[in-house]
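To keep things clear, I will list the structure first and then write my remarks on it.
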Amino acid sequence: MKEYRNKLTTVLLAIISIAVLAGCNSDAGKASGKSDPLKVHIALNGKMGPLVIAKEKGLFNEEFSKLGAQIEWSEFPSGPPLLESLASNRVDLSFLGDGALIAGIDKNLPFEVIAQTGRGESSVRILAQAEDNIKQIEDLKGKTVGVASGTTGHVYLINALKAHGLTTDDIKLINLQPDDAQAAFETKQLDAWAIWNPYYLNNIEKGNAVALKVKGKILAPGAIIARKGFAKEHPEIVEAYLKVYKKAADWQIENPEEASEIYSKETKMSVVKKIITTEEPNIFFTEDAIKAQQESIDTLAGVGYIKKSFNFKKPDPQ
């Protein structure tokens, strides 16, 4: 725990320094100098994560009020629809899973990665019907598999199939957002479903599903992002955002019971505590996470989901 916090604080300060330097040549957007509050558009991606904690606990209020800023919240079921709002400048700060992150960079959308959020070891699984004959990944051939296209679940599915000698051409892929996929899975319209928590654990706990074993370890790190124009004009807001994100992540670690109650209320699922104690949230870059992100980029380029591969550390997909 101590090592986690020390590393987190060190890297956070480095990120903040970069953000401040990036905006030091611009006099525009000094929130404290405006007569009207600066509207900061923060998007929730899903119903779990430190941003949900920060919103529920009002953690942004103090930091942002010092800067004369107010939050306008928006909510999205997954990353791809969030990207649409980001492209039209309706999102300033948010979080993305690796699928939407890669697709967004590939499309040259106006955002930058300001931190990664963990290794993503426990975020996605491929579920099969509990009373079906699908026992391993190879059994998915010719089966109907649901996933939200362009999400971390999609990347995981592609990587899992590849590890077992299959591609998405070997299955019947159905593009469904999580709640729609849940209904389709429950009514057995899907043979399998690539999905993240809390959905996968909730279905396993209810006895509806089994998780298929995958060769090797597939990491799916997420990322904290800022719209480029906003970050350049308001580096002090980016600094405050990262501070609050860290505070919310620390609060979740220290208060798992109350955090579970918040997430259970949002998701209407009771399995949340098992999920949030599996992998601690963080906001630093790690070599494993960076390597995993690059591997996902290469995989998606290899199957034609993105135009071509690019260097995650210095993305230039155009």
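Here are the numbers for the structure shown:
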{"read-out": "Residues of the stretch 118-156 that turn out to be touching a helix residue (DSSP H, G or I) at 6+ places or on another chain (Cβ under 6 Å), among the basic types (Lys, Arg) and at pLDDT 95 or above, as a count", "value": "1"}
{"read-out": "Residues located in the stretch 257-268, provided they are out of contact with any Lys or Arg (no Cβ under 6 Å at 6 or more places or on another chain) and not aromatic (Phe, Trp, Tyr)", "value": "Glu257, Glu258, Ala259, Glu261, Ile262, Ser264, Lys265, Lys268"}
{"read-out": "Residue count for the stretch 115-137, restricted to those that are more than 22 Å from Leu300 (Cβ to Cβ) and open to solvent by 20 Å² or more (accessible area, probe 1.4 Å)", "value": "6"}
{"read-out": "Yes/no for Ala160 being assigned to a strand (DSSP E or B), of a type in the set (Gly, Ala, Ser) and surrounded by fewer than 24 Cβ atoms within 10 Å (Cβ to Cβ)", "value": "no"}
{"read-out": "One residue from Thr168, Thr151, Thr187 being open to solvent by less than 40 Å² (accessible area, probe 1.4 Å), among the hydroxyl-bearing types (Ser, Thr, Tyr) and out of contact with any strand residue (DSSP E or B) (no Cβ under 7 Å at 6 or more places or on another chain)", "value": "Thr151"}
{"read-out": "Residue in the stretch 67-79 that is farthest from Leu219 (Cα to Cα), counting only those that are open to solvent by 30 Å² or more (accessible area, probe 1.4 Å) and in contact (Cβ under 8 Å) with a residue 40 or more places away in the chain", "value": "Leu67"}
{"read-out": "Filter result (of a type in the set (A, V, I, L, M) and either open to solvent by 10 Å² or more (accessible area, probe 1.4 Å) or without any contact (Cβ under 8 Å) to a residue 12 or more places away in the chain (or both)) within the stretch 87-102", "value": "Ala87"}
{"read-out": "Hits in the stretch 11-68 - residues which are modelled with pLDDT of 90 or more, of a type in the set (D, E, K, R) and assigned to a helix (DSSP H, G or I)", "value": "Lys55, Glu56, Lys57, Glu63, Lys66"}
{"read-out": "Qualifying positions in the stretch 196-211 - part of a strand (DSSP E or B), within 22 Å of the chain's Cα centre (by Cα) and buried (at least 21 other Cβ atoms within 10 Å of the Cβ)", "value": "Trp196"}
{"read-out": "Search result, residues across the stretch 190-208 that are polar (S, T, N, Q) and under 20 Å from Lys135 (Cβ atoms)", "value": "Asn203, Asn208"}
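The values are calculated or read from the model by the stated rules, or taken from the named source; none is laboratory data. Quick caveat, the model's predicted, so the values are computed rather than measured. Positions of Cβ are generated from backbone atoms using ideal geometry, with glycine treated the same way; all protein chains shown enter the neighbour counts. Areas reflect the complete protein model, heavy atoms only, side chains present, ligands, DNA and RNA absent. Shrake-Rupley method; radii C 1.70, N 1.55, O 1.52, S 1.80 Å.
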